[in-house]
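Visitor: One structure follows; several queries about it will come next.
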Amino acid sequence: MDSVTIKAKGIYVTVDLAVGHLADMVVETGGRTLSPLHRAPWIDEPQGTIPADFPAGSARLSGDFLCAPFSRSDVEEAPLHGWPANSRWDLIDTWQRDGESGALFRLQRKVMGATVEKRLTLRDGHPFLYQEHGFIGGSGGISVAHHAMTVMAKGGRLAFSPKRIAATGSDPLEPDPTRGRFLLAYPAQTQDLTRFPTNDGGTLDLTKYAMDRRHEDFVTLVEAEHEGPGWTAVARAAEKDLVLVLKNPAELPVTMLWISNGGRDYAPWNGRHRGVIGIEDGRAAVGHAASLGDNWLKRQGIPTAFELADGRRAAFRQIIGSALQADGNPPRDISVDGDKLAIEMADGSASELPFDGAFLREFTPL
């Protein structure tokens, strides 16, 4: 078995068991079929086109996946983003009851001695995937992040729940001009997401995804204190839809944006990985050792790892959704109203989507 698909009315999700990635997600609404997630163009190409040292998770890059740790595995030996993003998961259970469909998966390997589980849930008529990851037992600390990705043919607009700061690290993703390029300044930070410093002394609006310049960049957004869920919304221009990613900021206090728009020239990227943005909600610094040690986020009171222990289950949740949006503008605000997700637009108009309003509240792990 290479993949598993779970279905509810109006939605289905497929999991690539080889690496635990979401290989596909489809929402049917308003007479349209929406596909909010990205799939790398090289996945179905002959195996010989992929460099021998390319991590399995990058070779099968798709949808969303669990990073544990996030980025470098420099505490316990593992590929980039850890074994959950690069090795096989087993299907443990599936269910269909009371308008709900779901599946439980377990990573074949352990992470820091912990058993890792993935629980995916769909609900009839809800345009959302509800997912939870849990670490059972183990010892030490583990940094984590989701790696949700969407792709745009002609760019789009972004909006976010309130953020305290946006910051880049000390080094760009592609510092060698013979291999790629970047736009943002490193290191840099700002409280104004529409004016992030660039490497040429100018600024870049992080709320607008433009396709005209090829670059590879990475920036961390720190959640501000506010009521309600943390959220990212991407209004895709050509696709005429809205991609929604929601989290509980108490569990995942940062959102890391990976802007991948033709900024890598070497195989298998070859300048063709364009219009992609990663919305990486996490509890992490860049690298496992950095997350466990002193780092700039910890100095601001932001946790960057979960603590693991025998008899303990560390868990966190995230939601990915999709909705129609014709005018290319993102929401001004998103809030939970009982069993509805309320979406307020800049022009004052509003809409609601069916939603499990209790899912992201802080919960007691089983």
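Each reported figure results from applying straightforward, stated rules to the coordinates on display, with no laboratory input. Owing to the predicted nature of the structure, the values given are computational and were not obtained by experimental measurement. So basically every Cβ, Gly included, is an ideal-geometry build from the backbone, and we count neighbours across all protein chains shown.
Visitor: Can you tell which of 197, 336, 102 lies farthest toward the positive end of the dipole of the chain, using +1 and -1 charges on the Cβ of basic and acidic side chains (Lys, Arg; Asp, Glu)?
Guide: With unit charges placed on the Cβ atoms, the residue in question is 197.
Visitor: State, to one decimal in nm, how far the label point of residue 349 lies from the label point of residue 5, with both points 7 Å from Cα in the Cβ direction.
Guide: 3.3 nm
Visitor: Let me ask something else. Could you give the dipole magnitude of the range 160-239 about its Cα centre, charging the beta-carbon of Lys and Arg +1 and that of Asp and Glu -1, in debye to the nearest 20?
Guide: 160 debye
Visitor: Could you pull out the pairs from 163/208; 7/340; 118/298; 7/110 whose alpha carbons sit more than 19 Å apart here?
Guide: 7/340; 118/298; 7/110
Visitor: Would you mind telling me which residue in 70, 316, 54 has the biggest mean-square fluctuation in a Gaussian network model of the chain, where springs connect alpha carbons within a distance under 10 angstrom?
Guide: Fluctuation is largest for 54.
Visitor: Magnitude of the Cβ-charge dipole of the range 3-354, K/R +1 and D/E -1, about the Cα centre, nearest 20 debye?
Guide: Approximately 320 debye in magnitude.
Visitor: For the pair residue 192/residue 171, report the inter-label distance in nm, with labels modelled 7 Å from Cα in the Cβ direction.
Guide: If labels sit at residue 192 and residue 171, their model points lie 3.2 nm apart.
Visitor: Of the candidates 31, 137, 287, which one comes out as most mobile in a Gaussian network treatment of the chain with C-alpha springs shorter than 10 Å?
Guide: 31
Visitor: Checking the cross-link filter: which aspartates and glutamates have an alpha carbon closer than 13 Å to that of residue 240, excluding same-chain neighbours under 8 positions apart?
Guide: Within the straight-line limit of under 13 Å, residue 240 reaches these aspartates and glutamates: 327.
Visitor: Would you compute, from DSSP H runs of 4+ residues alone, the mean residue ellipticity of the chain at 222 nm, taking -39500 (n - 2.57) per run and dividing by the full residue count, rounded to the nearest 500?
Guide: It lands at -500 deg cm²/dmol.
Visitor: Next up: Using a basic spin-label model with each label point 7 Å from the Cα along Cα→Cβ, how many nm lie between residue 139 and residue 356?
Guide: Between residue 139 and residue 356, the simple spin-label model gives 3.5 nm.
Visitor: Work from the charge dipole of the chain (Cβ charges, +1 for Lys and Arg, -1 for Asp and Glu, about the Cα centre) and give the residue of 41, 286, 178 farthest towards its positive end.
Guide: 178
Visitor: Next up: Counting other beta carbons within 10 Å of each residue's own, what order do 349, 71 fall into, fewest first?
Guide: Lowest to highest Cβ neighbour count: 349, 71.
Visitor: Would you please classify the overall shape of the range 3-354 from the alpha carbon gyration tensor, given that a ≥ b ≥ c denote the square roots of the eigenvalues, rounded means a/c under 1.5, and beyond that prolate means a/b larger than b/c while oblate covers the rest?
Guide: Rounded, because the longest to shortest axis ratio a/c is under 1.5.
Visitor: Listing 355, 105 from the residue with the fewest other Cβ atoms within 10 Å to the one with the most, what is the order?
Guide: In increasing order of surrounding Cβ atoms, one gets 105, 355.
Visitor: Arranged by the count of other C-beta atoms within 10 angstrom, fewest first, what order do 296, 89, 95 take?
Guide: Least to most surrounded, the residues fall as 95, 296, 89.
Visitor: Between residue 208 and residue 310, how high is the FRET efficiency from 1/(1 + (r/R0)^6) when r is the Cβ-Cβ distance and R₀ = 45 Å? Nearest 0.05.
Guide: 0.40
Visitor: Mind listing the long-range amide H neighbours of residue 165? Cut-off is under 5 Å, sequence gap 5 or more, other chains count too, H placed in the peptide plane at 1.01 Å from N.
Guide: 222
Visitor: Which of 185, 314, 326 moves most in a GNM of the chain, Cα contacts under 10 Å?
Guide: Its mean-square fluctuation being the largest, the pick is 326.
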